[in-house]
1. Sort through V60, V71 and tell me the only one that's among the β-branched types (V, I, T), buried (at least 16 other Cβ atoms within 10 Å of the Cβ) and either within 20 Å of A150 (Cα to Cα) or touching a Lys or Arg at 6+ places or on another chain (Cβ under 9 Å) (or both).
2. When you go through (1) assigned to a helix (DSSP H, G or I); (2) touching a residue at least 12 places away in the same chain (Cβ under 8 Å); (3) closer than 25 Å to L63 by Cα one by one for T204, which number turns out not to apply?
3. Just checking, which of T270, T286, T317 is β-branched (V, I, T), open to solvent by 60 Å² or more (accessible area, probe 1.4 Å) and touching a helix residue (DSSP H, G or I) at 6+ places or on another chain (Cβ under 8 Å)?
4. Would you check if there is a residue in the range 304-313 being under 21 Å from E61 (Cα atoms), in contact (Cβ under 8 Å) with a residue 24 or more places away in the chain and within 21 Å of the chain's Cα centre (by Cα)?
5. Hey, could you check the range 113-129 for residues that are assigned to a strand (DSSP E or B) and touching a helix residue (DSSP H, G or I) at 6+ places or on another chain (Cβ under 7 Å) and say which is most open to solvent (accessible area, probe 1.4 Å)?
6. Quick check, is R110 open to solvent by 50 Å² or more (accessible area, probe 1.4 Å), among the charged types (D, E, K, R) and assigned to a strand (DSSP E or B)?
7. Give me the residue from the range 264-301 that is not hydrophobic (A, V, I, L, M, F, W, C) and not in a helix (DSSP H, G or I) and, out of that set, nearest to the chain's Cα centre (by Cα).
8. With the checklist (1) in contact with a Gly (Cβ under 9 Å, 6 or more places away or on another chain); (2) more than 23 Å from A65 (Cβ to Cβ); (3) free of Cβ contacts under 8 Å to residues at least 60 places away in the same chain in hand, flag the one item H293 doesn't pass.
Amino acid sequence: MSVDADLVEMMSAVFAAHRERHAPGEATAELWVRLDELGLVRLTGAEEAGGSGAGWPEAVELLRAAAWHGVKIPLAEHDLLACWLLETAGLEVDRKRRTACLLDDDGVARAVPWAADSERVVLLWRDGTGHRVTDVDTASLSVTVGHNNAGEPRDEVRADLAALSGTGVSDAVVTQFAHRAALVRAVQVCAALDRILESSVAHTRERTQFGRPLAKFQAVQNLVADIAAESALARAATDGALAEALRSDWSSSHLGFLVAVARSCVGHATSVVVRNAHQVHGAIGTTLEHRLHEFTMPALSWRSEYGSVAHWDQVLTDYATQAGAHQLWALVTAADG
């Protein structure tokens, strides 16, 4: 997924400049205006609908840049989920900030990203034998404010299903929404893991113990090597799922398995990376003054959103069980049975 290098550099520069002036989560309205001016708020939206007409490769780089610099902003929720749902359903998209959620049969969605901070919420819910989509003013919903462990808004949303009217969408749209959301978080976690690796390498080179840089100690080298290996595995699994999604326009019969692989790898990699990074950094890594927590806490939080690690492990187990001994290799290699 090649992306113009100048565009990637520009994205990184915007977030770096913001972080030079503001702490995580501060001045998001100001940053949103700046990103909108640059055409990054609706990066993948259709040009005829006011978007920039870019694709997932560019969106992935945008998410990576934000996560790398520790910037908290709902770009994925707005562009890749909420506005995509509206466009897919043939509904109007304006410039208001949005998030999206899937309501349960009681009209409730929990841990909805940035709901209270959004002007509108795109609701997806089951109606009889199908699903429907609608775009509502946040003020018309019952929203209970909450946060994840990284301090990002994760709110409870309640809606009166009987009062909702919406546009019908196919099961394929609902499945794609789930896959998109799962991979969004995988991309963000991978970026955080890469930043943790960079911080760990820099720390071991700069800090000395017993007259030698930490990087000279074999035990420390092993910790950092494991961080690098797990980060690379998570990124490879995520890139593999994304490549299949884009190759098939999100319609591949193998995509569900690859998404589960990515999320399982990302989830387990995070455990190793966070544990080892805090061992490498020592006491300084636990302080608020050090930036390590800006990446370890989001990584731990994101890996549990849109499906926990246990959930995705179970999905993988189900795939393996259904494939059986004779088809398991074909499942893993995506070969035809």
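The values are calculated or read from the model by the stated rules, or taken from the named source; none is laboratory data. Since we're looking at a predicted model, the values are computed, not measured. Using ideal geometry, Cβ is built from the backbone for each residue, glycine included, and neighbour counts are taken over all protein chains shown. Keep in mind that these areas ignore ligands, DNA and RNA; they rest on the heavy atoms of the full protein, side chains included. Shrake-Rupley method; radii C 1.70, N 1.55, O 1.52, S 1.80 Å.
1. Details: V60 fails: either within 20 Å of A150 (Cα to Cα) or touching a Lys or Arg at 6+ places or on another chain (Cβ under 9 Å) (or both).
None of the others qualify; the one that does is V71.
2. Just one mismatch for T204, condition (3).
3. On the way: T270 fails: open to solvent by 60 Å² or more (accessible area, probe 1.4 Å); T317 fails: touching a helix residue (DSSP H, G or I) at 6+ places or on another chain (Cβ under 8 Å).
Exactly one of T270, T286, T317 is β-branched (V, I, T), open to solvent by 60 Å² or more (accessible area, probe 1.4 Å) and touching a helix residue (DSSP H, G or I) at 6+ places or on another chain (Cβ under 8 Å), namely T286.
4. Filtering the range 304-313 down to residues under 21 Å from E61 (Cα atoms) leaves 305-306.
Narrowing the set further to residues that are in contact (Cβ under 8 Å) with a residue 24 or more places away in the chain leaves 305-306.
With within 21 Å of the chain's Cα centre (by Cα) added as a condition, the list becomes 305-306.
Yes, the range 304-313 contains at least one residue that is under 21 Å from E61 (Cα atoms), in contact (Cβ under 8 Å) with a residue 24 or more places away in the chain and within 21 Å of the chain's Cα centre (by Cα).
5. Going through the range 113-129, the residues assigned to a strand (DSSP E or B) turn out to be 113, 120-127.
With touching a helix residue (DSSP H, G or I) at 6+ places or on another chain (Cβ under 7 Å) added as a condition, the list becomes 113, 120-122, 124-125.
Working: P113: 5, R120: 44, V121: 0, V122: 0, L124: 0, W125: 8 Å².
Here the residue is R120.
6. On the way: open to solvent by 50 Å² or more (accessible area, probe 1.4 Å): yes; among the charged types (D, E, K, R): yes; assigned to a strand (DSSP E or B): yes.
So R110 fits the description; yes.
7. Restricting attention to the range 264-301, the residues satisfying the condition of being not hydrophobic (A, V, I, L, M, F, W, C) are 264, 267-268, 270-271, 275-276, 278-279, 281-282, 285-287, 289-291, 293-294, 296, 298, 301.
Okay, now just the ones that are also not in a helix (DSSP H, G or I), so 287, 289-291.
Details: T287: 26, E289: 26, H290: 24, R291: 20 Å.
Checking each candidate, the answer is R291.
8. (2)
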